[in-house]
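Heads up, the thing below is written out as structure tokens.
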Amino acid sequence: MPMFVEMSKQVHSTQPSTVLDIGTGPGEPSTMIAKANPSARIIATDFQEGMLEQAKQRAKDVQNVEFKQASGDDLSAFGDASVDAVTMCYVLMFIPDRLKSMVEVSRVLRAGGRAYIAVWKQLEIMNMVQESLGQLSAQADPTPLSVNPLALQAKDAVENIVFDSSGSHSLKVLSTQNVSYPFTMPTGAQMCDGFSMTISAHLKKIEDEGFQNATDAWCTILLQKMEAAGFKKADGSFEATGNTAQLLVLQKDASPDRGLWL
């Protein structure tokens, strides 16, 4: 939610008429942006139809949001220079062809339009997730995650993609900022559920090899590690700290003949 709020605030400051939210998930930040900009057209997209259904429920009382199934690296359903702003909140690291995604983002943006991209740079709990998997099975390789939220953790990872996608689709990094906040869950089971997706392929492999309760065993180890780190609160809820995300604001060159911005 803190990143949704910050991204929505920055989008609102430019008063866009059309916003494309890529990978809207359960409907954010598209719903928040729509409420803050009632005269704007907000297009919420996601690759998974199931997520779009959740997003529709979240935005059921909002009139200026429409929904479309689309992949982050295939925006062919949208015309050239058709939107004022693009938002991608914790999405780019999960897109198979990130370079193509950035080229597509630039293509659909109008001259001077902006893209707002958030990626994770630090997630302390992910170290515990992988360590717990390693303890579970000597054969488990915790390195290649099923879903890696830290795939763009390296310094200038997004900036380098933007540079490679420049040329005729020139984008400029206007600003970057770090946003830090804890993950809070009412129960340990919910915390395990949230992060089990990152190692789901590993857990399935272990269970297929005969360890039928591998997921439960992994969760037990993870909760022990979180409690030892001080993440468990007196009321039994969990608050995982050590999380930092990067929010980048990009702008499409308003002068086609200007050349590379980076």
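The values are calculated or read from the model by the stated rules, or taken from the named source; none is laboratory data. Bear in mind that the values here come from a model prediction, so they are computed numbers and not experimental data. Reconstructed Cβ throughout: ideal geometry from the backbone, glycine too, with neighbour counts over all protein chains shown.
Which residues, taken from region 183-198, are outside any strand (DSSP E or B), among the hydrophobic types (A, V, I, L, M, F, W, C) and at pLDDT 90 or above?
Residues of region 183-198 outside any strand (DSSP E or B): 186-198.
Those left that are additionally among the hydrophobic types (A, V, I, L, M, F, W, C): 189, 191-192, 195, 197.
Correct list: 189, 191, 192, 195.
Do we find a residue being assigned to a strand (DSSP E or B), touching a residue at least 12 places away in the same chain (Cβ under 8 Å) and of a type in the set (A, V, I, L, M, F, W, C) anywhere in region 215-235?
Within region 215-235, none of the residues are assigned to a strand (DSSP E or B), touching a residue at least 12 places away in the same chain (Cβ under 8 Å) and of a type in the set (A, V, I, L, M, F, W, C).
In region 86-104 there is no residue that is surrounded by fewer than 22 Cβ atoms within 10 Å (Cβ to Cβ), within 20 Å of residue 8 (Cα to Cα), over 13 Å from the mean Cα position of the chain (by Cα) and not small (Gly, Ala, Ser). Between 43, 33, the distinction of being in a helix (DSSP H, G or I), modelled with pLDDT of 95 or more and either closer than 18 Å to residue 116 by Cα or in contact with a Lys or Arg (Cβ under 7 Å, 6 or more places away or on another chain) (or both) belongs to 33 only. Within the set 150, 250, 174, 203, the sole residue that is among the hydrophobic types (A, V, I, L, M, F, W, C) and in a helix (DSSP H, G or I) turns out to be 203. One residue alone among 121, 56 is over 30 Å from residue 239 (Cβ atoms) and either basic (Lys, Arg) or part of a helix (DSSP H, G or I) (or both), and that residue is 56. For the criterion of being touching a residue at least 40 places away in the same chain (Cβ under 8 Å) and touching a Leu at 6+ places or on another chain (Cβ under 7 Å), residue 109 fails. Cβ-Cβ contacts under 9 Å between residues 6 or more apart (or on different chains), taken from a first residue in region 175-188 that is free of Cβ contacts under 8 Å to residues at least 60 places away in the same chain and closer than 29 Å to residue 236 by Cα to a second residue that is of a type outside the set (A, V, I, L, M, F, W, C) and in a strand (DSSP E or B), are listed as 184/239; 185/239; 188/232. Quick one: how many residues across region 10-30 are surrounded by fewer than 24 Cβ atoms within 10 Å (Cβ to Cβ) and touching a residue at least 12 places away in the same chain (Cβ under 8 Å)? The number of residues fulfilling the criteria is 11.
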